[in-house]
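Down below is the structure, laid out as structure tokens.
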Amino acid sequence: MKNLKQIPILVTLIISLLLFTNCNNDDQSIKEDKLLQISQFKELGEIHNAFLDNTNKKFKIESEEKSLSKAINSINDFNTDYAKNVDYFKENNSQSTNIFNASKYFVISKGFEQYLFKDKEALSKRMTEKDLVTYSSYFDFSATSNRVQLKKTENEGAYNNLLFEAKNNGVIDDFEYKELISLGELIKKNFSGIVGADELRNQLDMMEKRWSNMKYTENSKAGRLTAQTIAIGRASLDFWEENEVFSRENVNGRSQKVLIAPIIANDIAGAVVGGAIGGIKSGSWKGAGEGALIGAVVASTGVIGRLGKWISKLW
């Protein structure tokens, strides 16, 4: 009888223990599911700026080179060699070389603008057959399981199309899609010289406020591409405003911040499309981060003073 009386007590203890364990697990999951912060992606911006600084100081232009593809390959080789010594790319079996090879034509600033907003075939039309194979193998989503092809929309650039596919593939959500499409409209104005760098910085600040209100967490399926873009965009703004000497030529009385706006627009657009492609192809946030960083690096390399002029002449 004594043992029978103890049974309800044991049952109560077991239930209490289970409830306590579950509460602890719930608390632990809450603690682990931390809010994402833009500062977590600051490293991408810092690496981006280090690439630009290295290129400006150390890249040697072959002024006699008349071949566009050879010029692009020399820049790409320079960047991929530098990437081998960057810790970010050394970790977790980075695909940086493949991404650089596929994105290397982003360095043509005039062609990149057309590719983004007018004709998504603008770059591929100028590629060698070998480069086109490399480009197509990375940019053709139909070769990836459970992926969809870019919309076959005539006379439209790649920017909106890639964001559409990124949303379809879960790389971004509806909020990010709307934000990045809106950012693209401002980038168009930056390319045209209608608005300056201050407007870009204000847009990124407002984007961060709206992004923060979404309360993305480390377990969220979306939110990172916008954060990566903001981090790289701000780093680009800081870099070019601190190094205005790169864009002092032919000022003709125009505001310096208007003159550098197209340069920064290249960086930000490169981050958006690079991140979208990287996320779709890899199915991982690391792939999206690498794509955003490399897309921004290559796009901005093509507008560094003397190097930008060199490439533009060959286009």
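The values are calculated or read from the model by the stated rules, or taken from the named source; none is laboratory data. The structure presented is a predicted model; accordingly, all values stated were derived computationally and were not measured. Quick reminder, even Gly has a Cβ in these numbers, built from the backbone with ideal geometry, and neighbours come from all protein chains shown. Just so you know, the surface numbers come from the protein's heavy atoms only, side chains and all, with ligands and any DNA or RNA stripped out. Shrake-Rupley method; radii C 1.70, N 1.55, O 1.52, S 1.80 Å.
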Segment 254-315: trypsin sites (Lys or Arg not before Pro) falling in loop per DSSP and having at most 11 other Cβ within 10 Å: ARG254
Accessible area of VAL298 in the full protein assembly, 1.4 Å probe (Å², nearest 10): 10
Flagged links, alpha-carbon separation over 24 Å, of LYS58/LYS130; LYS34/LYS221; LYS110/LYS189; LYS120/LYS215; LYS188/LYS309; LYS57/LYS125: LYS58/LYS130; LYS120/LYS215; LYS57/LYS125
Segment 35-106 - convex hull of alpha carbons, volume per residue in Å³: 106
Cross-link partners of LYS84 among aspartates and glutamates (Cα-Cα below 18 Å; sequence separation of 8 or more within a chain): GLU43, GLU46, ASP53, GLU290
ILE187, ILE194, ranked by accessible area, largest first (probe 1.4 Å): ILE194, ILE187
